[in-house]
1. Which of the helices (runs of 4 or more DSSP H) contained wholly in the range 1-113 include at least 1 residues that are among the small types (Gly, Ala, Ser), open to solvent by 20 Å² or more (accessible area, probe 1.4 Å) and at pLDDT 95 or above?
2. Which of the residues belonging to the range 199-220 are more than 14 Å from the chain's Cα centre (by Cα) and in a loop (DSSP other than H, G, I, E, B)?
3. Only residues that are under 12 Å from the mean Cα position of the chain (by Cα) and assigned to a loop (DSSP other than H, G, I, E, B): list them for the range 169-193, please.
4. Is the range 157-166 home to any residue that is acidic (Asp, Glu) and open to solvent by less than 40 Å² (accessible area, probe 1.4 Å)?
5. In the range 188-210, which residue that is open to solvent by 10 Å² or more (accessible area, probe 1.4 Å) and touching a helix residue (DSSP H, G or I) at 6+ places or on another chain (Cβ under 7 Å) is nearest to GLY41 (Cα to Cα)?
6. Return the pair list, or none, for Cβ contacts closer than 8 Å from residues in the range 174-187 that are closer than 12 Å to ILE88 by Cα and in contact (Cβ under 8 Å) with a residue 24 or more places away in the chain to residues that are of a type in the set (Ser, Thr, Tyr) and open to solvent by 30 Å² or more (accessible area, probe 1.4 Å), at least 6 apart or on different chains.
Amino acid sequence: MIEGKRVLAIVPARAGSERLPGKNVRPMAGRPMVEWTLQAGLVSTTIDRLVVSTDDPAVAGVAHGMDVEVIDRPAYLAGPTASVIDAIDQVLETIGGVWDYVVLLQPTSPLRTAADIDDAVALCEARGAPTVIGVSTMPKPPGFYGRVDGAGLYRKSEATPEEAVVINGAVYVGRPDRLRIDRSFQTEGTLAWVMSSERGWDVDTLFDFTMAEALIREGLGVQA
């Protein structure tokens, strides 16, 4: 809880994964990958209620084993084109109640810490922002980035240091009333919670998974 405000955290973990099948429950440093996100949510001092939205019995089993509530995701919200905002709506309608903040914690970001969650919510509250999204600094300085044009020529990037961040998917904070109107965490007035590229590491491929596991073994993640 934060200053009397109620905070709901949702971990969206559908069964399908085209590039790395079963990644949410694939063993990562001795735990199913989704467990790292659930543990961060449990350690958080801000979250009042943590739930998992899933159509995957294996994910549900991991959540139940940690005493985390599971909301069954219907088939129409389980495909690769399903809207995460629609999934949030379904969770809110299912559990009811009044919530001041919704926090979205994707299981593909196993290295975000409990402190990242708490500080992102605190930032949203302190600044009166409609939403806060996690962003990461780029792994290389801006001068290293560029593009290759149609003729195969290298063109230097025009990005400035102030622009050199990327949305990492690790933590999203939003006010339910604004999410229902804007249908996105990216809206007018959105603030950024800046994280290192390591803590914001996103798992989509086997390479990403292997790197995340190595970083966890080095001691990153979860702790407040």
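1. The qualifying helices (runs of 4 or more DSSP H) are 57-65.
2. Taking the range 199-220 as the starting set, the residues that turn out to be more than 14 Å from the chain's Cα centre (by Cα) are 205-220.
Result: THR205, GLU218, GLY219, LEU220.
3. Across the range 169-193, the qualifying residue is only PHE185.
4. Step one: list which residues in the range 157-166 are acidic (Asp, Glu), which gives 158, 162-163.
Adding the requirement that they be open to solvent by less than 40 Å² (accessible area, probe 1.4 Å) leaves none.
The answer is no; no qualifying residue exists.
5. Step one: filter the range 188-210 for residues open to solvent by 10 Å² or more (accessible area, probe 1.4 Å), giving 188-194, 196-199, 201-202, 204-208, 210.
Filter once more, keeping what is touching a helix residue (DSSP H, G or I) at 6+ places or on another chain (Cβ under 7 Å): 191, 193, 198-199, 201-202.
Working: LEU191: 21, TRP193: 17, GLU198: 18, ARG199: 15, TRP201: 17, ASP202: 17 Å.
My answer is ARG199.
6. ARG183/SER83; PHE185/TYR172
The values are calculated or read from the model by the stated rules, or taken from the named source; none is laboratory data. Everything quoted here is computed from the prediction, not taken from an experiment. Quick reminder, even Gly has a Cβ in these numbers, built from the backbone with ideal geometry, and neighbours come from all protein chains shown. Quick note on the areas: whole protein, heavy atoms, side chains included, nothing else; ligands and nucleic acids left out. Shrake-Rupley method; radii C 1.70, N 1.55, O 1.52, S 1.80 Å.
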